[in-house]
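The values are calculated or read from the model by the stated rules, or taken from the named source; none is laboratory data. Quantities reported herein were computed from a predicted structural model and do not represent experimental measurements. So basically every Cβ, Gly included, is an ideal-geometry build from the backbone, and we count neighbours across all protein chains shown. Calculation scope for accessible area: heavy atoms of the full protein, side chains included, ligands and nucleic acids excluded. Shrake-Rupley method; radii C 1.70, N 1.55, O 1.52, S 1.80 Å.
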Amino acid sequence: MGFIDEIKAKAKADKKTIVLPESMDKRTFDAAEKILKEGIANIVIIGTPEEIEKNGAGYDLTGAILVDPYHDPNRQKYIDKFVELRAKKGVTPEQAEEQMVKDYMYYACLMCKCGDADGVVSGACHSTGNTIRPALQLLKTKPGIHSVSGFFLMEVPDCDMGENGRFIFADCAVNVDFDSEKLAEIATLSAESFRSFVGAEPKVAMLSYSTMGSAKHDDVTKVADAVKLVKEQHPEIQIDGELQLDAALVPSVAELKAPGSTVAGHANTLVFPSLEAGNIGYKLVQRLAKANAYGPVLQGLAMPVNDLSRGCYADDIVGVVAMTAVQAQQAE
Ligand code: ACO
């Protein structure tokens, strides 16, 4: 069974309610029909009757909950919650109302916050920043977590590295500036994500252009310091670094460059030292190795919200909804 089929099976076992706020895009309806038919999740679509008529015509949406943001009986509850959550920012009821109907991502996050839904998937026709920002502002991080980050679950065909070709790559999507503390938190969250999505023991490589002090630079020290922090705070996590990519993945290189490391040569969770490296790295593997790249999946948020690529197909939306539903199960 492929990765996404395993995730769909998990999602079906305890169905969650996922909001799709992009009623302005036909792929939303195509995906909703497939999700409902397969029984992966309960689906809420936010949109006016005109939007739903225009883009959803011809799709079988039996069972979908259609929420008109202008006439929803829960609308006032969401306005009040928005004002309460953004009180320190001085948001007025008028501003909250305007924002919620102008940008359905806010509406979707408020539905989650008020307990009317379990997660959100969006981004087929919105940038990553615009998809993530409402979630950061309204849902916030899990207790004890400072930064949300984004990983890809990579499934590389015919590959005996990682966990039979399965890896987590992070952070590929969110944080522009990393210090050691943030890198350490990304590593810890990625280890948890690997365990829950792949079901195997994470081996976390903290990547760099240096292996175990072979180069000297502040960038290298930052990674090495992050490794120390994770080892102190989470001695149960198998982590090592700083490691070059070949030392992380190839046992013969690991023996030369990082002898004695239990992670080097066997890593399955790759933590990149910058957003540039992570974002370019996952796309290289996706395009050159023809790997499946599922994500970016956000980790560290109090409730699951996930982004889509603007080039996505309806089937990609179905996969991300299944992953979001599984995160919602775990959040319980
Ligand atoms: N974790 C938790 N909270 C955060 C984070 C984070 N990583 N980043 C920002 N926040 C919070 C802030 O504290 C702030 O909260 P507040 O409003 O309650 O004070 C709120 O989010 C907004 O923060 P800003 O600093 O104003 O953030 P901004 O709106 O500029 O952007 C964002 C945040 C969207 C995540 C930004 O960092 C970003 O655009 N990152 C890059 C996204 C991207 O383009 N990725 C590459 C493409 S993805 C791909 O290829 C698949």
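Key figures for this structure:
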item: Residue selected from the stretch 143-173 under the condition touching a residue at least 40 places away in the same chain (Cβ under 8 Å) and acidic (Asp, Glu), by the criterion nearest to the ligand (Cβ to nearest atom); result: ASP171
item: Any hit, the stretch 264-286, residues being in contact with a Gly (Cβ under 8 Å, 6 or more places away or on another chain), without any contact (Cβ under 8 Å) to a residue 12 or more places away in the chain and open to solvent by 10 Å² or more (accessible area, probe 1.4 Å); result: no
item: Residue within the stretch 121-142 that is within 15 Å of the ligand (Cβ to nearest atom), closer than 21 Å to ILE45 by Cβ and assigned to a strand (DSSP E or B) present; result: yes
item: Test: residue in the stretch 132-141 that is more than 18 Å from GLY300 (Cβ to Cβ) and in contact (Cβ under 8 Å) with a residue 12 or more places away in the chain; result: no
item: Boolean, HIS217 is without any contact (Cβ under 8 Å) to a residue 24 or more places away in the chain, open to solvent by 30 Å² or more (accessible area, probe 1.4 Å) and more than 16 Å from the ligand (Cβ to nearest atom); result: yes
item: Residues (within 12 Å of the ligand (Cβ to nearest atom) and open to solvent by 20 Å² or more (accessible area, probe 1.4 Å)) located in the stretch 174-208; result: VAL174, VAL176, ASP177, PHE178, LYS182, GLU185
item: Near pairs, Cβ below 7 angstrom, 6+ apart or cross-chain, from the stretch 78-97 (among the acidic types (Asp, Glu)) to any residue that is not in a loop (DSSP other than H, G, I, E, B); result: GLU97/ILE79
item: Subset tally (residues that are touching an Asp or Glu at 6+ places or on another chain (Cβ under 7 Å) and of a type in the set (A, V, I, L, M, F, W, C)) for the stretch 68-111; result: 1
item: Criterion: of a type in the set (Asp, Glu) and closer than 15 Å to PRO273 by Cβ - qualifying residue of GLU201, GLU181; result: GLU181
item: Residues satisfying the stated conditions in the stretch 106-122, i.e. under 16 Å from the mean Cα position of the chain (by Cα) and either at pLDDT below 95 or open to solvent by 10 Å² or more (accessible area, probe 1.4 Å) (or both); result: ASP118
item: Set GLY260, GLY265, GLY281, GLY241: member being more than 19 Å from LEU229 (Cβ to Cβ) and modelled with pLDDT under 95; result: GLY260
item: Single residue of ALA191, ALA226 found to be over 21 Å from MET161 (Cα atoms) and of a type in the set (A, V, I, L, M, F, W, C); result: ALA226
item: Any chance ASP177 is closer than 30 Å to ASN130 by Cβ, out of contact with any Pro (no Cβ under 8 Å at 6 or more places or on another chain) and in a loop (DSSP other than H, G, I, E, B); result: yes
item: Filtered residues of the stretch 47-91 (kept if open to solvent by less than 60 Å² (accessible area, probe 1.4 Å) and within 16 Å of the ligand (Cβ to nearest atom)); result: LYS81, PHE82, VAL83, LEU85, ARG86, GLY90, VAL91
item: Single residue of the stretch 1-51 satisfying the filter (within 14 Å of ASP315 (Cβ to Cβ) and β-branched (Val, Ile, Thr)) that is modelled with the lowest pLDDT; result: ILE4
item: Candidate set from the stretch 220-263 (those that are of a type in the set (Val, Ile, Thr) and in contact with a strand residue (DSSP E or B) (Cβ under 7 Å, 6 or more places away or on another chain)); member that is surrounded by the fewest Cβ atoms within 10 Å (Cβ to Cβ); result: THR262
item: Boolean, VAL101 is β-branched (Val, Ile, Thr), more than 12 Å from the ligand (Cβ to nearest atom) and either under 22 Å from LEU308 (Cα atoms) or crowded, with 23+ Cβ neighbours inside 10 Å (or both); result: yes
item: Subset tally (residues that are surrounded by 19 or more Cβ atoms within 10 Å (Cβ to Cβ) and not small (Gly, Ala, Ser)) for the stretch 313-332; result: 9
